[in-house]
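As structure tokens, the structure follows; a few thoughts come after it.
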Amino acid sequence: MNSTNDGADALRLDGVRKDFGERHALQALSLKIAPGEVYALLGPNGAGKTTTLNLILGFLDPDAGRIEVAGIDVARDRLGARAKIAYLPETVMLHPQLDAIENLTYFALLGGRRIDASQARELLRQAGLQEEAHARRAGGFSKGMRQKVGLAIALAKDAQLLLLDEPTSGLDASAANDLSHGVRAASRRGVAVLMATHDLYRVKDVAHRLGILRAGRLLTERRTSELSASQIEALYLQELDAADPAPAGAAAA
Ligand SMILES: Nc1ncnc2c1ncn2[C@@H]1O[C@H](COP(=O)(O)OP(=O)(O)OP(=O)(O)O)[C@@H](O)[C@H]1O
Ligand SMILES: [Mg+2]
């Protein structure tokens, strides 16, 4: 078997299905992301975005289909695949007694990488955390500041694929903007990015491509360069309106 990634996709999903009992969370999902490409996965609550990320991370097993991270089949080598991935969860937990630099060096070490204070400062800067916060205890940090340290921790891993689950949810416009810049900086270094997001307004600036997921199906994929920000919103609403009525059971409160 060829173990090299000839296709050079950083991420590849082929016909991935995931059921939770009767509920079809994902149905035949296929997508590819190239190195350095930023892909925004859009979709309403319950569309299957977080499930997709959990499958890629190997936290869940698919019922059908195949997932490859940098050429590594997740089903065959879960840890090998996970070693290529940096992950920014929706809520970043930091050690409240440690400052930003200490948190970053500590979590980087847990991830197997030793970095010094000057490397930590550089990563925090790339992630958009203001200088004056670098040596402050994380206990007093806002959500935006925690997300930025989380992004720096993810960047420290030197991964080929960065996964983000609603990274800008609950952030003010300025913090969301800083975080988007951090994502683009990672992309320029060749890191592929898959971000689940509800932040339609920012998709054009941060992502090269978008996909709209609803009820576990990918309805459409587009290049963001072909659309204005308001066209992205219009496309999103139009695709969701045009989709089949919600599946039976989905409306149950
Ligand atoms: N562990 C689980 N057990 C049972 N059902 C689950 C589980 N995880 C997700 N689901 C269901 O799978 C579907 C997809 O959920 P998922 O969390 O992936 O959606 P999402 O797109 O991330 O939504 P949101 O925008 O609200 O975060 C939903 O119907 C959800 O209820
Ligand atoms: Mg989710």
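The values are calculated or read from the model by the stated rules, or taken from the named source; none is laboratory data. Quick caveat, the model's predicted, so the values are computed rather than measured. Neighbour counts run over all protein chains shown; Cβ positions are idealised from the backbone, glycine included. Each accessible area value is taken on the protein alone, full model and side chains, heavy atoms only, with ligands, DNA and RNA left out. Shrake-Rupley method; radii C 1.70, N 1.55, O 1.52, S 1.80 Å.
Key figures for this structure:
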{"quantity": "Where a residue in region 181-205 is in contact (Cβ under 8 Å) with a residue 24 or more places away in the chain and its partner, wherever it lies, is aromatic (Phe, Trp, Tyr), with Cβ under 7 Å and at least six apart", "calculated": "Val193/Tyr39; Leu194/Tyr39; Leu200/Tyr236"}
{"quantity": "Residues located in region 108-139, provided they are open to solvent by less than 60 Å² (accessible area, probe 1.4 Å) and not in a loop (DSSP other than H, G, I, E, B)", "calculated": "Ala108, Ala117, Ala120, Leu123, Leu124, Gln126, Ala133, Ala138, Gly139"}
{"quantity": "Criterion: surrounded by 21 or more Cβ atoms within 10 Å (Cβ to Cβ), within 28 Å of His24 (Cβ to Cβ), touching a strand residue (DSSP E or B) at 6+ places or on another chain (Cβ under 9 Å) and modelled with pLDDT under 95 - qualifying residue of Pro167, Pro247", "calculated": "Pro167"}
{"quantity": "Some residue of region 203-212 being closer than 22 Å to Arg125 by Cα and open to solvent by less than 50 Å² (accessible area, probe 1.4 Å)", "calculated": "yes"}
{"quantity": "Check on Thr105, of a type in the set (Ser, Thr, Tyr), under 23 Å from Tyr236 (Cβ atoms) and open to solvent by less than 80 Å² (accessible area, probe 1.4 Å)", "calculated": "no"}
{"quantity": "Condition met for Ala252 (surrounded by fewer than 20 Cβ atoms within 10 Å (Cβ to Cβ) and either in a strand (DSSP E or B) or at pLDDT below 90 (or both))", "calculated": "yes"}
{"quantity": "Some residue of region 193-208 being more than 18 Å from the chain's Cα centre (by Cα), assigned to a helix (DSSP H, G or I) and of a type in the set (Ser, Thr, Tyr)", "calculated": "no"}
{"quantity": "When residues of region 176-194 are limited to those that are more than 22 Å from Ile115 (Cα to Cα) and open to solvent by less than 10 Å² (accessible area, probe 1.4 Å), the one farthest from ligand 1 (Cβ to nearest atom)", "calculated": "Ala192"}
{"quantity": "Index of the failed condition, Leu151 passing every other in (1) in contact with a strand residue (DSSP E or B) (Cβ under 6 Å, 6 or more places away or on another chain); (2) in a loop (DSSP other than H, G, I, E, B); (3) not β-branched (Val, Ile, Thr)", "calculated": "(2)"}
{"quantity": "Strands (runs of 3 or more DSSP E) (entirely within region 11-102) containing at least 1 residues that are open to solvent by less than 20 Å² (accessible area, probe 1.4 Å), at pLDDT below 95 and more than 16 Å from ligand 2 (Cβ to nearest atom)", "calculated": "85-88"}
{"quantity": "Region 39-54 residues that are among the polar types (S, T, N, Q), paired with ones that are at pLDDT 95 or above and within 6 Å of ligand 1 (Cβ to nearest atom) (beta carbon under 6 Å, 6 or more apart)", "calculated": "Thr51/Ala25"}
{"quantity": "Breaking point among (1) closer than 21 Å to Leu164 by Cα; (2) more than 14 Å from the chain's Cα centre (by Cα), for Thr91", "calculated": "(2)"}
{"quantity": "Residues of region 155-164 satisfying the condition of being hydrophobic (A, V, I, L, M, F, W, C) and either in contact with a Lys or Arg (Cβ under 9 Å, 6 or more places away or on another chain) or open to solvent by 10 Å² or more (accessible area, probe 1.4 Å) (or both)", "calculated": "Leu155, Ala156, Ala159, Leu161"}
